Amino acid sequence: MHGRVKVKSTAQQEEEKRKEREKKLKIYVAARDACFSKRKEGVWDDGALQITQQLLSSNPDFGTLWNYRREILMHLETVKDEDEVQKIYEAELSFLESCLKVNPKSYGSWHHRGWVSTRLPRPDWAKELGLCDRCLSLDDRNFHCWDYRRMVVKKSGVPVDRELAFTDRLIGSNFSNYSSWHYRSTLLPLLHPESPEPLPSPRRPPPRSSPPASPQNHSHRVCEAQLLKEYELVQNAFFTDPNDQSAWFYYRWLLGRAEREEMISCVLVSREEETVTVAFSRPVDAQPGGLMLLLDGQPQTVEWRSVPPRFKHSPVWICDLPPGTISDVTNEHNLTVHWMERHAHRDCALYTGRTESWCRDSATDQELFRSELSVEKTSVLQSELQSCKQLQELEPLNKWCLLTIILLMRALDPLGYEKETLAHFQTLREVDLMRSAYYSDLCSKFMIENTVLKMEYAEVRVFSISDKKLTTLCHLDQLLLVTHMNLSSNQLQRLPPQFSMLQCLEVLEAENNLIEDLEGVFHLPRLEEVLLKNNKISTLADLRPLASCPKLKRLDLRGNPVSGLEEVEAALTELLPSVVDLLL
Amino acid sequence: MAAEDLPSEFDVVILGTGLAESVVAAAFSRVGQRVLHIDRRSYYAANWASFTFNSLLTWIQQHHEEPQPEELQDWSSLLEEGEELIYLSNSDSASIRNVQVFCFTSEEDEEEGAPGTKEDDRGAADGDAVKETPESQSADAKDKAKKQKAEEEEEEEQASQTKGEELSAAQSQSEATRKKISYAQLVKEGRRFNIDLVSKLLYSRGSLVDLLIKSNVSRYAEFKNVTRILTYRHGNVQQVPCSRADVFASRQLSVVEKRKLMRFLTSCVEETDEQRAYKARPYLEFLYDQRLGENLQHFLFHSIAMATEDTTTEEGLASTRHFLRCLGRYGNTPFLFPVYGLGEIPQCFCRMCAVFGGIYCLRHSVNCLLVEKDTNRCKAVIDSRGQRISCRHFVVEDGFVAVDRKKRATPPRFLSRAVLITDSSILPSSSDQQVSMVTVPPVAAGCPTVRMVELCPSTMTCMAGTHLVHLTCQSVGSAFEDLSPLVTTMFRTTESPDRETSPSVLWCLYFNMADGSGLDVKGHDLPSNVFVCSGPDGGLSHEHAVRQAEWIFKQILPEEDFCPPAPNPEDIIYNGENASSTGEEEEEEEEQNKQGEGGEEWKEEGKEEGVKQQEGGEEGGEEGGEEGGEEEGEE
């Protein structure tokens, strides 16, 4: 048809493009080589500045060239006066702006901009802030820009309330933004601190005089009025889109995630073994000289070892007393353990006629396991639980909602809500198959915590948690005094190294699990009975840790692959000479 | 171009420069057809046009004049053997009726008038009155007419003629706290206005946006996002939360409502069995059974589905889906609005047509068609200068077709339109540059649903300090009867002086326009190669016109691609260029060629693009990105 516009064919266009690229590459390579040789010769002049600029404007991610540029600029600083330097750096900033247009996420460009801004004799922070805002309006999750912005804000002293308003704006336009929520979490404690004092130093030691020393660390907290507003904001987010995790994470931060204070939670003295065992609230490194032991006022030279021995940081440490010091049952002794690092100490009296003695805070006193969300007041937690339940009614299968409900229930009443918690965990495992193992482990942890609490309420030394689908063991440092443990009919695969913290354990029932590894049944001085019927222990080597338990008498290995091995009985008699009752 | 210079042979002659005609023109020209595109009017875009304030006044004046009796010239001397004549109607005035104008602001600058003294001065100095009713205008009209341009005089007289009997001297004398923009200022700044005759929006994923992108016509225009969807409810203007960010930020919804709304919107995306079960039942019933609550139901029904009582569930869900699909492509609402007004769009297509060789003539018309009796085909047209121009196809705007030749299934319907210039937004917010789409449900049973679009100065459609408000509904009575009750409830006028918090109306225009939706392209008493494009329809979208244009194109050239992407200037091969040569020589050659033939046009275009980018709408950039994507896929 006549009059039709003729357009170049694709092959023709491709060829043209290819040639153009080739030409460009030639120029680029030549310029790069020129740059490198200049740098070698130590040339720091305007020409070098220009040639690096050309290269960087087409490829802003060329780190070496930025370095060279900084060398040149630092040199120029020494030869030019301040006004000239100011001009040079201002030109550098506008050049950087064009680089950022090429690649808004170039590490090199942002780093260089940060460097230039700090060297600028008269920086214009307002302009920098404007640049950041423009950048973030194009991509509100550009973390390079967030980083740079934080630097600018710090240097220019932007008031905290204005920054908070800035996060308001960003969250308003798109709340799926971890950077904004996180920034908020750092601003709120500054703007609305919990205590009436304007800015409490985060390092401030907790007031000693206040009544029962709380295990939670209250710094970085926000005043209640503001918290309530934040709850509302974040609820709006997760009701709008319950599948967006950023809001849920912020919510958890709001509900308070306290860390336990480091302290000595238990001291145990054993006359027979002539040992002192110290348990801490968190894993610590007590070597060397971290702990001092006074026996009847006399400092003792003892060697502390961690349990398990390989751990440099451990919540449990043991020392052997010099032989004979406490072996006479008719003597009474007073021990004090000083923890030098924290200036903390704990006393323990070993009375006449007693074979052992301990002194400790019980888990119930400390509300040990509520630390996840426990900072907030019960009334607030209760109302938050109500709104989450409301959401759950609308979205019964939302995993974030279920998980948050579980956490809130635990903070409120772990034993009272146990049944509901288990049901929610079951739903979670079903709706989020990919993470079902995670939920199982978490559920195990909570069940163990509940069992610890029950044990403490009952004031017994028997820890029994059978048939609870346990997949993992934890909080073993809390079980220092347990003598009898029943783990039967769970889904445990191993007894981990931390198991060796159970220094008082005499009987271990672990039938009907999936145990194939006994690493943690190691150096347990009082262990007499180990029942491992129907597990997965398959080799003799797996049983080797048991050899370190001197009092082991009874071992049940029925229903394990290992019991079918040839001449296993003879080998076991040799490996475990103390065992008199072996069931295969 | 002088008329005698017109070539005498074209493939397609198109009369009328409305949207459908312009798209048809671009489509034909793009595939190499010789197109003559003419319009009797002095401006582009027919009833789709946008006017400055002053040219709108001229337009108003024209529509008040009695249509001049047409002198039927006898063109039979130009007839050839076996041909007959069909005369076209020379006036399209039938499509516009009931034009009424009201001015509520003072005629002159009121620098001297201190607010406190107004009342006393009123009787003596007419110019000081803050709110002039048409009545007082009519009293003063004689004096003022001397100072004013003739057209303004006309307009005022019209205003006085059409004064509503209820427009009494009930003037508000207590107000005037707001500094008001005078009529003189409106006229002085008249060029800042681009007032559309039709009020529509572009759905972000509607057929017009697709066409603009596909054809590369988008390079000639810039767009702004409609920034919010509003609704009028319980006597208040409320924001309709429709995007995720809106729902999150909304203060009027409870968290449970937020969840229900998000859930409903998400569930709409794919059809469920439940939805299918309701199919032909009313959408309202379906919504009611979803137990969403009255709040959400209102938003979903009136603002998102834009449904009426008759809307079925299937239709309601389809429009909800369309709304949702369009969300987030360019911004927080599904709609775009062209900077400088809707009249830009037909002009952009005309431009594309011209770039590919189409010839344009305004103030030029076709008087009659020459029809071959045997075949009933239009062989040629006779233009207003009496030139015979042969053509293979003739496309005509429906207004130029004599009424007795048009066949319609339903009696012609009309749209009621109102255009208000106000002094502030109906829902003030942190930003004064909001573009709002407002849905107003029927005030009483049997009343029409009114659609309102409020434009801010950054859309380049009104002067700083004002807002331009378009109201549209299906006519029941005259535009004034249909829309003025709403205007007096939502705005502050002389009839509603106590609405202190509402925006004041400075000036307003009412008129009725024929609804083009009822007219078919074919089936009229016309030759088989004559196609009729209807005028604007009452819908919010441009689907009707785009569909019509594509249909006409496909009837004539079924094998051809409809508006394929226009190539980049650098990819075009000009005459004499060696197709196989590449590299630098070619570039030089090309450069020369460009300057030699037709190159000016391309150059000019490049310049223009640069200018538009400088003026810088954010949306322009995004459109550009989209365009880029299209180009990549080009073969």
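Tabulated values for the structure
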| read-out | value |
| --- | --- |
| The lone exception for residue A:118 - which of (1) of a type in the set (Ser, Thr, Tyr); (2) in a helix (DSSP H, G or I); (3) touching a residue at least 40 places away in the same chain (Cβ under 8 Å) it fails | (3) |
| Selection within region A:128-173 - within 12 Å of chain B (Cβ to nearest Cβ) and either more than 22 Å from residue B:244 (Cβ to Cβ) or touching a helix residue (DSSP H, G or I) at 6+ places or on another chain (Cβ under 6 Å) (or both) | A:134, A:140, A:170, A:171, A:172, A:173 |
| Given (1) surrounded by fewer than 19 Cβ atoms within 10 Å (Cβ to Cβ); (2) in contact (Cβ under 8 Å) with a residue 12 or more places away in the chain; (3) assigned to a helix (DSSP H, G or I), number of the condition residue B:209 does not satisfy | (1) |
| Filtered residues of region B:516-546 (kept if over 16 Å from the mean Cα position of the chain (by Cα), under 16 Å from residue B:22 (Cβ atoms) and outside any loop (DSSP other than H, G, I, E, B)) | B:531, B:532 |
| Test for residue B:301: is it of a type in the set (Phe, Trp, Tyr), touching a Leu at 6+ places or on another chain (Cβ under 7 Å) and within 14 Å of chain A (Cβ to nearest Cβ) | no |
| Boolean, residue A:254 is over 30 Å from residue A:381 (Cβ atoms) and either surrounded by 19 or more Cβ atoms within 10 Å (Cβ to Cβ) or in contact (Cβ under 8 Å) with a residue 24 or more places away in the chain (or both) | no |
| Test for residue A:387: is it within 14 Å of chain B (Cβ to nearest Cβ), out of contact with any Leu (no Cβ under 6 Å at 6 or more places or on another chain) and among the hydroxyl-bearing types (Ser, Thr, Tyr) | yes |
| Failed criterion for residue B:288 (all others in (1) assigned to a helix (DSSP H, G or I); (2) under 25 Å from residue A:244 (Cα atoms) hold) | (2) |
| From the options A:446, A:463, residue that is touching a strand residue (DSSP E or B) at 6+ places or on another chain (Cβ under 7 Å) and surrounded by 15 or more Cβ atoms within 10 Å (Cβ to Cβ) | A:463 |
| Restricting region A:393-404 to residues that are within 13 Å of residue A:248 (Cβ to Cβ) and out of contact with any Asp or Glu (no Cβ under 8 Å at 6 or more places or on another chain), the residue that is nearest to the other protein chains (Cβ to nearest Cβ) | A:395 |
| Residue tally, condition closer than 23 Å to residue B:559 by Cβ, touching a helix residue (DSSP H, G or I) at 6+ places or on another chain (Cβ under 8 Å) and in a loop (DSSP other than H, G, I, E, B), over region B:29-44 | 0 |
| 1 or more residues of a type in the set (D, E, K, R), touching a residue at least 40 places away in the same chain (Cβ under 8 Å) and surrounded by fewer than 22 Cβ atoms within 10 Å (Cβ to Cβ): qualifying strands (runs of 3 or more DSSP E) within region B:377-482 | B:377-383, B:388-390, B:450-455 |
| Number of the exception - residue B:341 against (1) small (Gly, Ala, Ser); (2) within 14 Å of another protein chain (Cβ to nearest Cβ); (3) on the phi > 0 side of the Ramachandran plot | (2) |
| All helices (runs of 4 or more DSSP H) inside region A:1-104 with 3 or more residues being within 14 Å of chain B (Cβ to nearest Cβ), at negative phi and of a type outside the set (Val, Ile, Thr) | A:10-40 |
| Considering residues of region B:230-267 that are small (Gly, Ala, Ser) and within 7 Å of chain A (Cβ to nearest Cβ) only, the residue nearest to residue A:140 (Cα to Cα) | B:245 |
| Selected residue (criterion: surrounded by the most Cβ atoms within 10 Å (Cβ to Cβ)) from residues of region A:144-159 that are of a type in the set (Val, Ile, Thr) and at pLDDT 90 or above | A:152 |
| Selection from region B:344-370 of residues that are assigned to a strand (DSSP E or B) and away from chain A (no Cβ under 14 Å) | B:360, B:361, B:366, B:367, B:368, B:369, B:370 |
| Matching residues, region B:395-409, being under 27 Å from residue B:28 (Cα atoms), among the β-branched types (Val, Ile, Thr) and more than 21 Å from the chain's Cα centre (by Cα) | B:401 |
| Evaluation of residue A:225 against (1) modelled with pLDDT of 90 or more; (2) more than 14 Å from chain B (Cβ to nearest Cβ); (3) assigned to a helix (DSSP H, G or I) (one fails), failing number | (1) |
| Criterion (among the acidic types (Asp, Glu) and more than 29 Å from residue A:318 (Cβ to Cβ)) met by exactly one of A:528, A:566, A:574, A:516 | A:566 |
| Residue A:564 being at positive phi and either modelled with pLDDT under 95 or surrounded by fewer than 19 Cβ atoms within 10 Å (Cβ to Cβ) (or both) | no |
| Residue check, residue B:495 surrounded by 19 or more Cβ atoms within 10 Å (Cβ to Cβ) and acidic (Asp, Glu) | yes |
| Residue list for region A:18-52, restricted to those being of a type in the set (Phe, Trp, Tyr) and surrounded by 14 or more Cβ atoms within 10 Å (Cβ to Cβ) | A:28, A:44 |
| Selection from region B:343-371 of residues that are surrounded by fewer than 17 Cβ atoms within 10 Å (Cβ to Cβ) and either closer than 17 Å to residue B:31 by Cβ or of a type in the set (D, E, K, R) (or both) | B:363 |
| Residues located in region A:319-347, provided they are outside any strand (DSSP E or B) and touching a residue at least 60 places away in the same chain (Cβ under 8 Å) | A:342 |
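So that you can scan it fast, the table gives a plain yes or no per residue for (1) out of contact with any Cys (no Cβ under 7 Å at 6 or more places or on another chain); (2) under 24 Å from residue B:542 (Cβ atoms); (3) modelled with pLDDT under 95:
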| site | (1), (2), (3) |
| --- | --- |
| B:254 | yes, no, yes |
| B:274 | yes, no, yes |
| B:293 | yes, no, yes |
| B:306 | yes, yes, yes |
| B:312 | yes, yes, yes |
| B:324 | no, yes, yes |
| B:339 | yes, yes, no |
| B:347 | yes, yes, no |
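Condition check ((1) surrounded by fewer than 24 Cβ atoms within 10 Å (Cβ to Cβ); (2) in contact with a helix residue (DSSP H, G or I) (Cβ under 7 Å, 6 or more places away or on another chain); (3) over 18 Å from residue B:347 (Cα atoms); (4) modelled with pLDDT of 95 or more) across all residues:
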{"residue": "B:5", "(1), (2), (3), (4)": "yes, no, yes, no"}
{"residue": "B:14", "(1), (2), (3), (4)": "no, yes, no, yes"}
{"residue": "B:19", "(1), (2), (3), (4)": "no, yes, no, yes"}
{"residue": "B:23", "(1), (2), (3), (4)": "no, yes, no, yes"}
{"residue": "B:27", "(1), (2), (3), (4)": "no, yes, no, yes"}
{"residue": "B:46", "(1), (2), (3), (4)": "no, no, no, no"}
{"residue": "B:49", "(1), (2), (3), (4)": "no, no, no, yes"}
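The values are calculated or read from the model by the stated rules, or taken from the named source; none is laboratory data. What you see is a predicted model; the values in this text were computed from it and never measured. Positions of Cβ are generated from backbone atoms using ideal geometry, with glycine treated the same way; all protein chains shown enter the neighbour counts.
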